[in-house]
Structures are given as C-alpha cells and as structure tokens.
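What follows is one structure encoded as structure tokens, with my remarks underneath.
The values are calculated or read from the model by the stated rules, or taken from the named source; none is laboratory data. This structure is a prediction, so every number in the text was calculated from the model and none was measured. Counting neighbours? That spans all protein chains shown, and the Cβs are built from the backbone with ideal geometry, glycine included. We work out accessible area using only protein heavy atoms, side chains counted, and drop any ligands, DNA or RNA first. Shrake-Rupley method; radii C 1.70, N 1.55, O 1.52, S 1.80 Å.
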Amino acid sequence: MSTYLDSRSFLRWGWRQLTSMRTALILLLLLGVAAIPGSLFPQRTQNPMQVRQYFIDNPELAPWLDRLKLFEVFSSPWFSAIYLLLFISLIGCVLPRSIDHAKNIFAKPPLTPKYLDRMEHFTEIKKVDLDLVEAYLRKKHYRIRRDSNSISAEKGYLRESGNLLFHLSLVLILIAVGVGSLFGMRGDSIINVGERFVNTPTSYDSVGFGKYQSESTLKPFSITATKFVATYDPATNAPIDYELTVKVAYPFGGTERSEVIKVNQPLSFGSTNVYLQANGYSPTVIVRDKSGKVVFDGPTTFLPQDGNLTSIGSIKVPDMSPQIGFVSSFLPTADRDEIRGGFSSYPEVLDPRLLFAVWKGDLGLNTGVPQSVYRIDTSEMERIGLKALVLNETYDFGEGSITFTGWKSWVNLQIVDDPGKGFALLGAILAILGLLISLFTRQRRVWIKQGRKTQVAGLAKNGIPGLEEEIAALIKGVSNDK
Amino acid sequence: MTSRTAALLSNDLVYASMAIFALAFLAHAIEVAWSVKAPVKGSNKTKLDFNRTARAGRIGSAMMILAFLLLFVGVVLRGISADRVPWGNMYEFSITGALAFTAAYLFVLKKYELRWLGLPVSISVLLTLGTAVTILYVPSAPLVPALKSIWLTIHVSTAIISGGVFLLANCIAAAYLIIEKYEKSTGRPRWAIKLPTLEVLDTLSYRLVALVFPLWTFSVIAGAIWAEAAWGRYWGWDPKETWAFITWVAYAAYLHARVTVGWRGRKAAWLCLFAGSTFLFNYVYINIWGTGKHTYSGL
Ligand code: HEM
C-alpha cells in the first residue's frame, strides 16, 4: 500500500516537474541545440550522396556518427524524445490553464487585497465617490468587482487567451506534420515532352509512401507534356523562366484541359501537387544493324552536368548481337577548349553535337544487379569507335550505324501528396494571431479602497509599462477638483 | 532611366552613404571621447561635461539620418535596376540588412536616450557595407526562376527587418553585460555615464525582441509557404531552415525565460546574445559555406 502511494506521489512529482516552466525552458533550449548537428552533418533524407561521400572520406568516424543517428537527426530517437517531452509538457501546462481561463472569463476579478500600500503604484488621494470610479472604469472596459468599500478591476484577459491560442496552435502544427508524414506520398517521374504521365505506381522513377498511405489512394490523373519553354539570359546564361504546358485529364480518360506548370506554380489535385523540378535534354537517335534493320529509334534521357546543360547519358541497344552501348554526351551548343575538350557554352540548343564511344559486348542487363540508366558497365565490353555527330549525320561503326536525328526536352515532375499541410497553415496563422494578441495586450489590475482617504493601487503583469499613466489618468478623471 | 544607370547610381549612393556613416562614426566617437574631463586636482572624482560634446552627438545623429536616406535611395535604385525587389543575392541582402538595422536604430533613437548606440551601430553598418561592396558585390541581374515569387518579397523583407532589430537588441544586451561588469567592480566607466540605467537596457532589449518575434515567426512561415510552392515541401530541414528554426526556438526560450521563469539582467542578456548569434551564424555561415537549396549567393 505504501509503495503504491509512493509510486503515485512519485508520478505526481514527476508530472509536476515535467510541466514546470523551468523544464519547458530547458527542453526548448535543448531542442534548439539538438537541431544543430542536423545542419552540420549531411542528412540522409536531404542528401544521400553526401552521406555516402562522408562514409568514404571518414571511414573510421562515420559508422560511429551513424550509430548516434547523426545522419538522420530529425527522425532520431533522441530528437523525437525532446520534442515529444516538450509537447507533453506543453499540453500538461496549457490544458489546465485553458480550463482555468475559461472559468475566469465568467468570474469577477479577485478580491481587493487587504493592504494596498504594499502594492505597486500605491497612492492616497482625497476621498472620491466610488460610483464615479466605477463609471469611469466601466467606460474604460475594465471588468469590475464592487464590494462595500472597494473596487477591484481588471483588464486584458485577452492576453491569456492569446497565449493559450498560441501554444495550442503549436500542437496543431505538430499534429499536421505527423498527418503529412503518415498519410502522404512523394515521388518523381521524368517524362519527355510529348509523353504522358499516368498517376499509377509503375509510372514513377522513385516513390515513397507514408505509413498509412498506399498505392490505392493515388489520385487518378494523367498529364501529357505538350510544350516546354526555357528562357535564358544571353548575357549570363542564367535561367530566367521555365514554363511547361500540359494537358490534364482527371479522372483518367476524362476530358483534357490545358494547364501551365512553372517553378513556383505547381498544379494541384486536392492535396496532391505536381511540381516542375528539373529539366534537361533527351537526344534522339536511330540505330540500324548490318542489314539496315532499325533496332533502336527514340529519345534517351541524359543528365545535365552544368548550367549550360552539357549532358551525359548512355544509349543501350540490347537487341543486337553482340550488344552495343554508346557512352555519350550531348552538347546543346557545342564548344571546345584544350582543357575540357568538348563542352556546351549555352543552355539552349543552337549547335547540337552528340559525342560518344561505341562499346561492343555484354551490357550486363540480365545480371539482376540494378543498373543506372545513365551509365554503362563496360567491364565486359570492347571499345570499337569514337565519334562526334552533328544533326542528321550518320556514323557506321562496323556492326551497324547510328544517326543523330534530334532531341527532346525532358522535365522532372515531382508529385507530392501532403494531406496535413492545410492544418499546418491553419496552425501557423492561429499561432501568429495568438502571439500578436498575447504580446501586445497588457494585463493589469487596479484597486480602489475607501478609508479615511481613498487608496489607489495597481499591478501590471510582467511589469509591463504604462500602468502609471493610466492610474494618473484615473485619479485625474475622478477627482472633484478638476 | 535605364537599368544600367540605375545600377551605377545605386553603387555610387551606397559608397556615399558609407562615407557619411564614417563621418557619423567619427562624430559619435568625438562625443564619447571628448566628454571626459581630467580629474580635478586633489579629488578622485571626475566630472563630465557633456555640453561641450552634445553638439558632436547631434551632428552624428544628423549624419546617421543622412546616410540612412542615401542608402535607402541606393537600395531602391538597385531594385529598379533589376526590376525586382533588391534582395536576390548576398550583396543585396547585406545592403538592405544594413538599411533595416539603421532604421531600427533611428526608430529607438527617437523614443529613448540612446544616441551613444550610434557608435556600435555606425561601425557595424560600415563593416557590413564594406564587406558587401568588396567581397559580395555582383552586378545587378534578374532572378533565377526559383526566386521568382511574391513570397520571396514577403519572406526576405520580414527576415531582414527582424534581423535588424535582433541585432540592435544584441548590441543593447552586450552593452548591458559590459556596463554591468564595470559597475560590479569599479563603477560605471566615464564613457558610459550618459547611458541609461541597467534596468532600462535590460527591458529595452527584451521589448525589441518581443516586438519582432511575431514578425520573425511570420517570416519563417512565409518561407515555408514559398518552399511549398517551389520545392514541394514546406519544411525539409535544409541547413538554412534548420538554423531559422534554431533562432526561433532560441528566442522563444528567451521570451519564456523572461516571462515565465523570471530571468532578468545578466542571464537574460546572455540568452539574448546566444539567440542573436544563431541568426548571424545562419546569415554568414550558411550563405557562404553552406550547402542546400538556399545557397543562391553565388559565392
Ligand atoms: C513548443 C514549445 C513552446 C514554445 C515555442 C513556446 C513559446 C512561447 C512564447 C514565444 C511565449 C511568449 C509570448 C507570449 O507571452 O505569448 C510563451 C509564453 C508562455 N509559455 Fe510557452 N512555449 C512553449 C512551451 C510551453 C510550455 C511547455 C509551457 C508550460 C510548461 C509554456 C507556458 C508558457 C507560459 C505560462 C507563458 C507566459 C504567459 C504569460 O504570462 O504571458 N510554454 N511561450
């Protein structure tokens, strides 16, 4: 029995500690400090490549850092522990205060203290009529408690309301973030201009689902890229504007309408947004075998390497025997120098060139090891040719021929479903509102008591200034000798 | 006016304002230094005569206002020359930030007896502008597509204003710590005689923070809204976002410490300095050495 009581009182003690102001302060500071390593070490979710590089550069240290979850700080147990404790503390603190506050709204101000001369702003003045004081304070929107020989008045309850609103909104934001990660999804798909994207799991190049979101909840829309225009500044080569024109059907097979997607202007289907994230070129080629039969005809996505869209890629032709691969680069505006060799000097296609090395042998497509579409594993292959083609030029490499026929633009569509973001925005707006109310409302009390003389005193919460002038105005306003 | 003339004129005005800030610095330095009179013989008391130098102080303030106006026009012209708001790169952040900082100072100068702050303010502005024109300068140019958004205007302008006020609060907190140290040992030094009392300094830095904390909150939220439109997520723990979060939490902790735990004076001043330095760190470190989506500075 006694241990039961002890553990109960221990729990109660623990709860009081957790919901105390000092703990809240410590947890807040801890949260700030705990976020710091998240910006100093590369993070897996943001920058997996850099994490891999870190492991290569620091083979001794990296596994230890990894054990401490320093490459995924924001989903680590210790970071989660801090913010969960903080929010438990917050709820434990704010809920009781909300209840108190709700009661207080309908209650009268507290009793006038016995000894006013111990309070701040204490003055004694010539006797004045309490009715006059009450009328004055009412006009100033004070709430008033009138006793036989004293008045207790209070103003600024809104401060506490704002403060509670602020803290509760923080909880709303946290819930919204949780909803977004549990019920959301995010994926990428690269399509060439002219192609259609259908929102089913197989259309994605990469896709991730939240715990409670699955393939069946994907919204049924399709997007056909009809035109892509990139505008560049001729003086600096910097991009000025990207504009993707699409035809959209929602649901599948419905009537199509025309839409425009820009970098800061996603396309929305309810909580799902489609973003224009990146773009590049897909050169098109026709490959023929010795007999002249077409074995490959179409675009291949190349990866941009610099601001002028010098792009690299690989064209794989598995339907020839032996198999043929072209390790290649595409220069939209070809240029040469001694150091870099061929490179592009402008991001638009003005003088295109397709450079490649021809490899013969086994492309390794059937080994089961996933392969990059941009690279070729040439370990089992033999190089049989090297060439730079201008538009519509053909090169005969012995086993067959390749013709550089043109190019298409590709765009990377990022598709994100975040059902929590509306709540997060609402939470953010309410938080600011609450903050403004609470920081700019002044809560204060004023007491007036009749004795041989009239006593006046006041109290401002957190020592906020301005009460002195207010009391002076009150005294002036109710004194007879105006 | 062509955009080229506007850009050149803007540069000239920034240089001109630097010259005036330098004069303001001199005037404030004279005010502080010359107020000190030699001790009266046979007594260890020194008396200060401010009348002699009050004029220098007033000239200093006038210079500050003039420099502010020049810089203001310079910043506006920079915006006109690029046909957008003037905060697309580090150079522009810096000159606009210096402008906001001076504005915050002039604002409190009007309300409080704080002319002495002109000394640290003018030297910090000079350093900021000096770095801007030498290291950070880039020719005026249009924005990359990701920066083209109304939220850029809102997010960055509020961040710059918040930053200016945070830094001012930091100056005051630092002054508090220095003067408090003197008062504890040898008494208030001569140059600080005219400064407000410690209590005033303490509340002043608190009030500045309380005043802009909602604005900073708003700025972070505006940034999130912009990120949602541009990158498909409103929060991604990008280094810049992480440090904005750290600054926000640090100032929330500061307000908590003051309002609920009752910290005053030295402890509060240290916390204020800590929070302010996270802001500075974000600005300097992440823009120059950082990685992530926010590095548009072109360095
Ligand atoms: C996510 C964590 C928190 C943040 C970001 C936060 C932020 C703030 C801020 C900025 C203020 C000052 C503005 C105002 O007066 O409204 C404040 C005040 C306050 N907070 Fe928090 N807070 C957090 C958690 C907590 C917790 C856990 C408690 C309770 C243990 C708490 C209780 C209070 C109280 C009592 C005030 C002052 C009310 C007043 O007298 O004005 N807060 N908080």
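Which of the residues belonging to segment B:220-236 are over 13 Å from residue A:265 (Cβ atoms), open to solvent by less than 20 Å² (accessible area, probe 1.4 Å) and facing chain A (nearest Cβ under 7 Å)? Within segment B:220-236, B:236 is the sole residue that qualifies. When B:213, B:166 are checked against the criterion of being within 11 Å of chain A (Cβ to nearest Cβ), in contact (Cβ under 8 Å) with a residue 40 or more places away in the chain and part of a helix (DSSP H, G or I), a single residue qualifies: B:213.
Within segment A:66-78, the residues that satisfy the criterion of being open to solvent by 20 Å² or more (accessible area, probe 1.4 Å), within 12 Å of another protein chain (Cβ to nearest Cβ) and more than 16 Å from the ligand (Cβ to nearest atom) are A:72, A:75.
Pairing each residue of segment A:53-70 that is under 19 Å from residue A:34 (Cα atoms) with any residue that is surrounded by 13 or more Cβ atoms within 10 Å (Cβ to Cβ) and of a type in the set (S, T, N, Q), provided the two are 6+ apart or on different chains, yields C-beta distances under 6 Å for A:69/A:76. Would you pick out the residues in segment A:289-300 that are surrounded by fewer than 20 Cβ atoms within 10 Å (Cβ to Cβ) and at negative phi? Matches in segment A:289-300: A:289, A:290, A:291, A:293, A:294, A:295, A:297. Within segment A:322-363, being assigned to a loop (DSSP other than H, G, I, E, B) and closer than 20 Å to residue A:289 by Cα holds for A:322, A:362, A:363. Within segment A:79-95, the presence of at least one residue that is over 28 Å from the mean Cα position of the chain (by Cα) and either away from the ligand (no atom under 11 Å from the Cβ) or open to solvent by 50 Å² or more (accessible area, probe 1.4 Å) (or both) is confirmed.
Residue A:192: under 19 Å from the mean Cα position of the chain (by Cα), crowded, with 17+ Cβ neighbours inside 10 Å, away from the ligand (no atom under 16 Å from the Cβ) and among the polar types (S, T, N, Q), yes or no? In short, no. Residue A:398: without any contact (Cβ under 8 Å) to a residue 24 or more places away in the chain and either farther than 17 Å from residue A:300 by Cβ or open to solvent by 20 Å² or more (accessible area, probe 1.4 Å) (or both), yes or no? When the stated conditions are applied, residue A:398 passes them.
Can we say residue B:183 is away from the ligand (no atom under 16 Å from the Cβ), more than 19 Å from residue B:105 (Cβ to Cβ) and facing chain A (nearest Cβ under 9 Å)? In short, no. Pairing each residue of segment A:26-38 that is at the interface with chain B (Cβ under 7 Å from one of its Cβ atoms) with any residue that is within 11 Å of the ligand (Cβ to nearest atom) and open to solvent by less than 10 Å² (accessible area, probe 1.4 Å), provided the two are 6+ apart or on different chains, yields C-beta distances under 7 Å for A:28/B:249; A:28/B:253; A:29/B:253; A:31/B:249; A:32/B:249; A:32/B:250; A:32/B:253.
Taken as a whole, segment A:407-424 holds at least one residue that is closer than 30 Å to residue A:277 by Cα and within 16 Å of the ligand (Cβ to nearest atom). Looking at residue B:284, is it out of contact with any strand residue (DSSP E or B) (no Cβ under 8 Å at 6 or more places or on another chain), more than 8 Å from every other protein chain (Cβ to nearest Cβ) and at pLDDT below 90? The answer is yes for residue B:284. Scanning segment B:237-261 for residues that are part of a helix (DSSP H, G or I) and facing another protein chain (nearest Cβ under 7 Å) yields B:239, B:242, B:243, B:245, B:246, B:249, B:250, B:252, B:253, B:256, B:257, B:259. Report, by residue number, each residue of segment A:263-321 that is touching a helix residue (DSSP H, G or I) at 6+ places or on another chain (Cβ under 6 Å) and outside any loop (DSSP other than H, G, I, E, B). Once the filter is applied, which keeps residues that are touching a helix residue (DSSP H, G or I) at 6+ places or on another chain (Cβ under 6 Å) and outside any loop (DSSP other than H, G, I, E, B), segment A:263-321 yields nothing.
Counting only residues that are buried (at least 17 other Cβ atoms within 10 Å of the Cβ), away from every other protein chain (no Cβ under 14 Å) and out of contact with any Leu (no Cβ under 9 Å at 6 or more places or on another chain), segment A:222-267 holds 4 of them. Where strands (runs of 3 or more DSSP E) fall entirely within segment A:373-435, those with at least 2 residues that are within 14 Å of chain B (Cβ to nearest Cβ) are at A:400-417.
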